[in-house]
Every structure is written in C-alpha cells, then in structure tokens.
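To start, the structure under review is shown below, and the notes come after it.
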Amino acid sequence: MPKGCSKCGTQNDDAAVFCRACGNSLVVAAAFMIGQTDLKRLLAYSSVEHMGLLVLGLGLGGSGTYGTVLHVLNNGLTKGLMFLTVGNIVLVTGTSHAPSMRGVLRRAPTSGVLLLAGLFAVTGSPPFGPFMSELTILRGAVEHRLERMQQDNAAKLEQMRQTVDEKLHATLEKRLSESFRQVSERLELVHRGLGEMQTLAAGVGDLKRVLSNVKTRGVFGETQLAALLEQVMAPEQYEKNVATRPGSGSRPPSTARACSRCPSSPTCAASES
C-alpha cells in the first residue's frame, strides 16, 4: 500500500514525492535565509522557497495546480523585477551587502520604491499577485485535505454500516429462530392435546355405545321387577318362583297371570320375565 504525506494527506506515490520535495525545499531555503545579509543570495534562496511552493501545488492537484501555474507567472514577474532593481541599487551603492546600503531612496528613489514594493510582493502580502497564487495553492491544500477527510469518513461510515448490518442480521436471525422454535413447540403441544382429546372422544363414544345397549338383568333386575309388580298388580295376580313349564327346573322369580278365569292354575297363560 503506498504511503502518503502526513502534511497534506496525499496517498499517491507521486504526490508524496512532490510533498517531500516541497518540504525539503522550504526547510532548506528558510534555514539559509535566516541571517543572510546579501540581497542577491537572499533573492536566490527565496526563489528556492517558491519552487517548493510550486511543487506543493503540483502534488495537490486540482485547484492547487491552477495556483501553481498562476504562481509561476506572478513569482517570475516579481522576482525578475526584484533582480533588476537590486542590480540597479548595487550599481548605485557599489555593494550587495544590505547593512552597507544607505541613502537608497535619496540616491535612487525609483529603485528604492520598487525594492520596497517587491519585498511586500515576494513575502505574499496583499494585494499583490503572489498573494493570490499562494492563497490558491493553500485553498487547494485545504480542499485536498477535506476531500481526504470525506473519503475517510465515508469509508468509516460504510464499515460501521456493514458492522451494524451484520449484528442486526445476526440478532434478527437469532430472534426469529427462537420465535419459530417457541411457535413450533406450542403447535406440537396443541397437536398432542388434540390427539389426547380425540382419544378421549373415541373412548366416550365406545362407552356410550356400550351403555346404550345394556339391559337390566340379574338379581338387580329381578328385584326391580318384583318391586314394580307389587306396585302395579294385586297379590293374587302374580306369584313368585313358579315353574311356568312342566318338568322344567327353571323358576323365574316372579310370574304374572294373564287370564283371570283360572286363578287356581299358576301356569295358565303366564308370561315369564
């Protein structure tokens, strides 16, 4: 992965090389300009410094490139004027040593005014052209940095969105699986209860069918029949334990008379219960 410049935030290899060259040019030129008393050398070091600014604009791209082109024109005109003015002053004073130059405004007023204006222009003071070009390069650096910040923020937001989507998907899938499991368990319990209810209903039906065909028989039935005969018939109209068939050993517990003409005969048209 290419390494970028930590000063302007560039990530491209070429841009990083330009930024390093810019930093070296600015630092070296500034170090030589400190304490420099020769005007010609001072202007030369200033040109080196401005070359660093030009390289910085090329490395930034965009509006920085436009500022670089504009600064080439502005700095070229300003430095050309400065060199011509300093040369004229050296001819007048006979030296390029700044502390030895005295009475420049009196001896060469035009050159002195131009030198003063050129110093303001070279240092990037408004409303001169170098100020506008340097401001454009600075704006390009700010825009480039903001663009890098926007890209980084977009990448982080996308990463956050993916993380949230993954966690949300996992949570939702877990909750849905748990809900479906609970619903499945409830349905299984309901199905099991319905099966038990069907079994119970079948048992009740069987019991109903059994009970619907039951007749009163045995000792309990004989007791009930005797009680009914006592309430409905007179004592002479029925007898107990009578052999209804001659020679038969079967003796029903109660025998009713169906004919009143032969009450002495217990077998006359009797009905067996």
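Mind giving me the FRET efficiency for Leu200 and Gln151? R0 is 45 Å, r the Cβ-Cβ distance, nearest 0.05 is fine. Working shown, then result.
Working: r = 73 Å, r/R0 = 1.61.
Plugging the Cβ-Cβ distance into 1/(1 + (r/R0)^6) gives 0.05.
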PRE reach from Thr95 (point 7 Å along Cα→Cβ): which of the range 34-49 fall under 17 Å by backbone N? 36-42
Whole-Å distance linking the alpha carbon centroid of the range 132-171 with that of the range 62-90 is 37 Å
Which distance in nm do the two modelled labels at Leu81 and Ser47 give, with both placed 7 Å along the Cα-to-Cβ direction? 1.8 nm
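Excluding Val28 itself, what net charge comes from residues whose Cβ is under 15 Å from its Cβ, given Lys and Arg +1 and Asp and Glu -1?
Working: positive: Arg20, Arg41; negative: Glu49.
Value of the local net charge: +1.
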Obtain the nm distance between the two label points defined at Asp38 and Lys174 by a simple spin-label model: each point lies 7 Å from its Cα along the Cα-to-C-beta direction. 7.6 nm
Label point distance in nm, Val69-Leu189, each placed 7 Å from Cα along Cα→Cβ: 8.0 nm
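Grab the other residues whose beta carbon is less than 12 angstrom from that of Gly67, score K and R as +1, D and E as -1, and report the net. Each step should come with its number before you reach the end.
Working: positive: Arg139; negative: Glu134, Glu143.
Charge balance near Gly67 sits at -1.
Any read-out appearing in this document is the output of simple, stated calculations on the displayed coordinates, not a laboratory observation. The model shown is predicted, which means the values in this text are computed figures rather than measured ones. Because the Cβ atoms are built from the backbone with ideal geometry, glycine has one as well, and the counts that use them run over all protein chains shown.
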